[in-house]
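Here is the structure we will look at.
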Amino acid sequence: MAQKKGVKRAERTTRKPVTPKIIALVNMKGGTGKTVTAVNLSAGLTLLKKRVCLIDIDAQCNATYHVGIKAHELEVSVYDSLVDPTVKPPIINCNGLYVIPASLRLAGIEQKLPAHIEGFFTLKKNVVNKLESVFDFIIIDCPPSLGIMTLNAITTATDIFIPVQTEAFAERGMYQLARAIKSYKDSNPDVVAKISGILFTRFDKRKILNRQTVLRISEKFPDIVFRTKIRDNVSLGEAPGFRKDIFSYKPDCYGATDYFELAKEVLER
Ligand SMILES: Nc1ncnc2c1ncn2[C@@H]1O[C@H](COP(=O)(O)OP(=O)(O)O)[C@@H](O)[C@H]1O
Ligand SMILES: [Mg+2]
């Protein structure tokens, strides 16, 4: 995949400064579709002519690899800007989607950042606030935990989207997460992020449990559940291995349809 560094100068000057919507994809559970959503929602919004910056803060670097960047070959990643405020956040242009890549070194970030509120503002101060005001959306792919990096994402975000896989324990996990986010916000009034989107992923309408989970969560949170559900789709599972977003990999599959609908729904909100 073609990669160009930096935002082009011509593009910089022709656009008015914008205030971005900053979306963190959060769920403590792994495998709920955070990364697949971060990449394909970003790609869908880019297709809809929005300027998007995807930030990968997971030490697994799945979003970074998914867009075609070899994390292990990078000299600079988000990690370097987090631990050293003089390092400009590295931005890689992946076919119109701007990506700040992760590094395996993020696995050791807990030892590098202060484990109190000051340390939770590092992503905002050292990375997001340093980006030029050209992005309509900043989308943050979080690790599967409520550790220091996810707390940094929540502290930076305007919006929290929770991808929920429609199966056993999903509901309980979601309520626990919502309570944990509320208590973090209650003790840190500077944190403005709202849980503004619940996205059902890997949905299979033939499964009673999937339908029941959707129904119960939708009744409880009618205002924030996305009407677009991401169906279980083989191509969505394959695309990361081919280092392509779903629109480049299989533009006609269900997964591409669903993520394009989601991107449109996000724009409507
Ligand atoms: N809608 C879907 N249909 C089929 N496979 C999916 C779907 N969403 C995600 N996957 C696959 O499930 C796995 C976990 O998804 P991922 O987005 O990496 O989860 P997370 O980032 O929450 O840990 C990946 O292998 C991914 O390719
Ligand atoms: Mg992930």
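Values computed for the structure shown
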| quantity | calculated |
| --- | --- |
| Reciprocal of mean inverse Cα separation for segment 154-216 (Kirkwood radius, Å) | 12.8 |
| The chain: calculated mean residue ellipticity at 222 nm from DSSP helix runs of at least 4, using -39500 (n - 2.57) | -10000 deg cm²/dmol |
| Percent breakdown of C-alpha pair distances by 10 Å bin, ordered from the shortest bin, for segment 88-139 | 19, 50, 27, 5 |
| Residues with amide H under 5 Å from that of V225, placed H, sequence gap 5 or more | I198 |
| Size of electric dipole in the chain: Cβ of Lys, Arg +1 and of Asp, Glu -1, about Cα centre, debye, nearest 20 | 520 |
| Three principal axis lengths of segment 122-268 [C-alpha, angstrom, descending] | 43, 34, 28 |
| P(r) of the chain over all Cα-Cα pairs, binned every 5 Å from zero, in whole percent | 1, 6, 14, 18, 20, 18, 13, 7, 3, 1, 0 |
| Set of segment 131-153 residues, backbone N closer than 13 Å to the point 7 Å along the Cα-Cβ line of N188 | 146-153 |
| If the convex hull is drawn through the Cα atoms of segment 48-144, its volume per residue in Å³ | 103 |
| Under Karplus coefficients 6.51, -1.76 and 1.60, residue-wise ³J(HN,Hα) of segment 201-211 in Hz, glycine/proline x | 10, 6, 6, 10, 5, 6, 8, 4, 4, 4, 5 |
| Relative contact order (percent, whole number), the chain, Cα cutoff 8 Å, 6+ residue spacing | 25 |
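Each value in this text was obtained by applying a stated rule to the coordinates, not by laboratory testing. Note that the structure is predicted; figures quoted are calculated from it, not measured. Glycine gets a Cβ as well: all are built from the backbone with ideal geometry, and neighbour counts include every protein chain shown.
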